[in-house]
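*Asks:* The structure is given below, and queries will be raised subsequently.
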Amino acid sequence: MLLAKIADIGSNPVAFTFFIGCMAMFASSVFFFVERGSVDKKWKLSLLVSALITGIAAVHYLYMRDYFMATGENPTAYRYIDWILTVPLMCVEFYLLTKLAGATKTLLWKLIIASTWMLVAGYIGEAFSDGSTSHSVTWGMLSTVGYLYVLYTAWFGEVAQLAANSKSEVIEKGVRALAWFVLVGWAIYPVGYMCMDGGWLNTAFGWTSQNVDLFYNIADAINKIGFGLVVYNIAISESN
Ligand SMILES: *C/C=C(C)/C=C/C=C(C)/C=C/C1=C(C)CCCC1(C)C
């Protein structure tokens, strides 16, 4: 049986994180959706977006888990389809939060374009890898340019300035919390990326390519659920 090969959730930590990640995403999605009823009208859309992010991820985790169980390989295509849908939605969260302080659609588009660039370059790095370090590093660096742009915008650029001008302590704190997610939570992804064949952590420490998914799964749980909880907290405090 194919499944018997890898599917031992108890002894394979990567399989375990796929399984638990899937459940956590589903549960969070229901939570954010139901909690729309507890917040002011102006926050309902933000909570809906949080529910969509975790809901879309939950469905992709079902597929990714099966793929990984059956083949033992990284479900790279499903992974990047998930990200290309959910990361722009995270940009929408930033936008909705700072919209009350005057954010424009242009800002939203800049964040979306930068993060899409980050993901497309990362996909080329992984999906078209020839196992060489040069391929992995080149596309990893190109991807990082997009990441740094989002990071800069959240900490020092437009998003940060709008939050400072909002005169709302809750929004300032919330944007700062989301900026921490981008700095610390998002930085886990490149670590996973470097575990692929030819990647620095793979060649230097022998961290196999299965670790790619281990890091991605942990990062997804932190970022998608954590990001949503921060937005939820802001919405609840602003509604009372
Ligand atoms: C819900 C999914 C999220 C928040 C995904 C975020 C993904 C990244 C921040 C990926 C970044 C990468 C780099 C900065 C360089 C190497 C390639 C990537 C795509 C793994």
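*Asks:* Suppose we filter the range 65-76 for residues that are within 14 Å of the ligand (Cβ to nearest atom) and without any contact (Cβ under 8 Å) to a residue 60 or more places away in the chain; how many remain?
*Replies:* Looking only at that region, the number is 1.
*Asks:* Does Asp82 fit the bill of being buried (at least 20 other Cβ atoms within 10 Å of the Cβ) and acidic (Asp, Glu)?
*Replies:* Yes; evaluated as a whole, the condition is true for this residue.
*Asks:* Within the range 175-198, take every residue that is open to solvent by 50 Å² or more (accessible area, probe 1.4 Å) and at pLDDT below 95 and give me the one that is farthest from the ligand (Cβ to nearest atom).
*Replies:* Among those residues, the one meeting the criterion is Arg176.
*Asks:* List the number of the failed condition for Thr133; all other conditions in (1) away from the ligand (no atom under 11 Å from the Cβ); (2) within 20 Å of the chain's Cα centre (by Cα) hold.
*Replies:* Every listed condition holds for Thr133 apart from (2).
*Asks:* Using the structure shown, decide if Gly206 is modelled with pLDDT under 95, farther than 25 Å from Gly55 by Cβ, within 16 Å of the ligand (Cβ to nearest atom) and surrounded by fewer than 19 Cβ atoms within 10 Å (Cβ to Cβ).
*Replies:* no
*Asks:* Select, from Val59, Val87, the only residue that is open to solvent by 20 Å² or more (accessible area, probe 1.4 Å) and in a helix (DSSP H, G or I).
*Replies:* Going through Val59, Val87 in turn, just one is open to solvent by 20 Å² or more (accessible area, probe 1.4 Å) and in a helix (DSSP H, G or I): Val59.
*Asks:* For Gly140, which of the numbered conditions (1) within 21 Å of Leu52 (Cα to Cα); (2) within 15 Å of the ligand (Cβ to nearest atom); (3) in contact (Cβ under 8 Å) with a residue 40 or more places away in the chain fails to hold?
*Replies:* For Gly140, the exception is condition (1).
*Asks:* Being away from the ligand (no atom under 16 Å from the Cβ) and either open to solvent by 20 Å² or more (accessible area, probe 1.4 Å) or at pLDDT below 95 (or both): is that true of Phe94 here?
*Replies:* no
*Asks:* Moving on to the next point. Based on what the data block shows, is Gly37 more than 12 Å from the ligand (Cβ to nearest atom) and part of a loop (DSSP other than H, G, I, E, B)?
*Replies:* Answer is no for this residue.
*Asks:* Taking only pairs six or more apart or across chains, which ones have beta-carbon atoms under 8 Å, a first residue in the range 182-204 that is under 17 Å from Ser115 (Cβ atoms), and a second residue that is within 11 Å of the ligand (Cβ to nearest atom) and of a type in the set (D, E, K, R)?
*Replies:* Tyr193/Glu126
The values are calculated or read from the model by the stated rules, or taken from the named source; none is laboratory data. All values derive from a computational prediction rather than experimental measurement. A quick note on method: Cβ atoms are made from the backbone with ideal geometry, for glycine too, and the neighbour counts reach across all protein chains shown. When the accessible area is computed, the model is the full protein with side chains, heavy atoms only, and any ligands, DNA or RNA have been set aside. Shrake-Rupley method; radii C 1.70, N 1.55, O 1.52, S 1.80 Å.
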